[in-house]
1. For region 8-15, just list the computed ³J(HN,Hα) in residue order, Karplus coefficients 6.51, -1.76 and 1.60, θ = phi - 60°, integers in Hz, with x standing in for Gly and Pro.
2. Using modelled backbone amide H atoms (1.01 Å from N, in-plane), which distant-in-sequence or interchain residues come within less than 5 Å of Val185's amide H?
3. When you count, for each residue, the other Cβ atoms within 10 Å and take the mean per peptide, how do 29-39, 126-136 rank with the highest first?
4. Please give the contour-minus-distance gain from Asp219 to Ile160: 0.36 nm per residue of separation, less the Cα-Cα distance, rounded to one decimal in nm.
5. Mind listing the long-range amide H neighbours of Ala199? Cut-off is under 5 Å, sequence gap 5 or more, other chains count too, H placed in the peptide plane at 1.01 Å from N.
6. At R0 = 22 Å, how high is the FRET efficiency between Leu243 and Gln146 if r is their beta carbon distance? Nearest 0.05 is fine.
7. In terms of modelled amide H atoms, which long-range or inter-chain residues lie less than 5 Å from the amide H of Thr123?
8. Relative to the Cα centre, what is the charge dipole magnitude of the chain, using +1 at the beta carbon of each Lys and Arg, -1 at the beta carbon of each Asp and Glu, and rounding to the nearest 20 debye?
Amino acid sequence: MKRPEMILFDYGHTLLYEPDWDAERGDRELLRYAVKNPKNCGVEDIRREVAAVFGEIERVRDVTGYDISCVVGDRLVYEHLGLAFSLTPLEQEIVFWTAACPGAVMPGADKLLDFLNDEGIRTAVLSNNGWSGEAIRNRFDRLLPQNRFEFIMSSADYMIRKPDPRLFEIALLKAELDASAIWYVGDSLRADVYGAHAAGLFPVWYAEETMESRNDDADIPLPDFDYLRIGRLDDLRRILAELD
């Protein structure tokens with residue numbers, strides 16, 4: 001293996017994760033910023049509307065491979081309930097998401113980023129995510145402030161989801177590098193390993209030792225092409241240190 005010039009990372013269960021998720025906690029915090037609430041909606045009303053709207057979105061997403069952002073879905077939810085807030089759409093994302101789950105750093109992620117920064121290996125993020133790239137940037141800057149991500153791409157901003165090769169191809173254009181110079185690190189066989197390989201990037205499958213296997217990978221065969229499998233981010237740091 002040749003040391004990469006750049007590493008693209010997935011978001012969830014790769015660099016960050018979200019323990020103790022509580023959507024009702026996010027709703028309660030967001031309602032503090034309500035400037036219109038003609039129906040006197042509470043958390044239960046919002047949860048029912050969210051279940052209806054995002055249930056439809058998930059069915060469309062899973063069948064078509066297209067994505068609808070939380071910003072768009074939330075606009076439908078809140079405006080249908082007559083709710084308005086004293087926040088921009090980005091601020092709404094951040095307020096809800098932070099209250100629902102502040103987030104946590106995956107073991108070794110901070111040390112890995114420090115190593116990559118010291119070694120001059122460029123970094124960026126490409127994620128299947130309902131949150132916008134700006135909201136994800138805000139979360140990374142709060143939890144991993146040493147990051148030097150050149151760009152953060154979220155499927156929410158592009159309508160399509162990994163493994164669609166167009167997302168990887170856009171990342172290549174942003175990086176101005178050949179695919180052979182980039183590794184992609186993620187926890188999904190389907191979206192990350194097969195997706196990266198199809199676009200010519202070298203895939204690193206982060207099969208984290210303490211996490212259960214992803215449900216959406218249950219029927220996916222192990223690849224018959226070159227890839228790297230790691231159980232800890234420290235493993236990736238060690239392997240990179242040994243490469244010229």
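1. 9, 10, 6, 9, x, 6, 10, 10
2. So Val185 has HN proximity to Leu8, Phe9, Asp10, Val204.
3. Put in order of decreasing packing, that is 126-136, 29-39.
4. 19.0 nm
5. Residues meeting the amide H criterion: none.
6. Values: r = 22 Å, r/R0 = 1.00.
Rounded to the nearest 0.05, the efficiency is 0.50.
7. Ile7, Glu150
8. Computed charge dipole of the chain: roughly 500 debye.
Every read-out reported here was derived from the displayed coordinates using simple, explicitly stated rules and does not represent laboratory data. From a predicted model like this one, the values you see are computed outputs, not experimental measurements. Neighbour counts run over all protein chains shown; Cβ positions are idealised from the backbone, glycine included.
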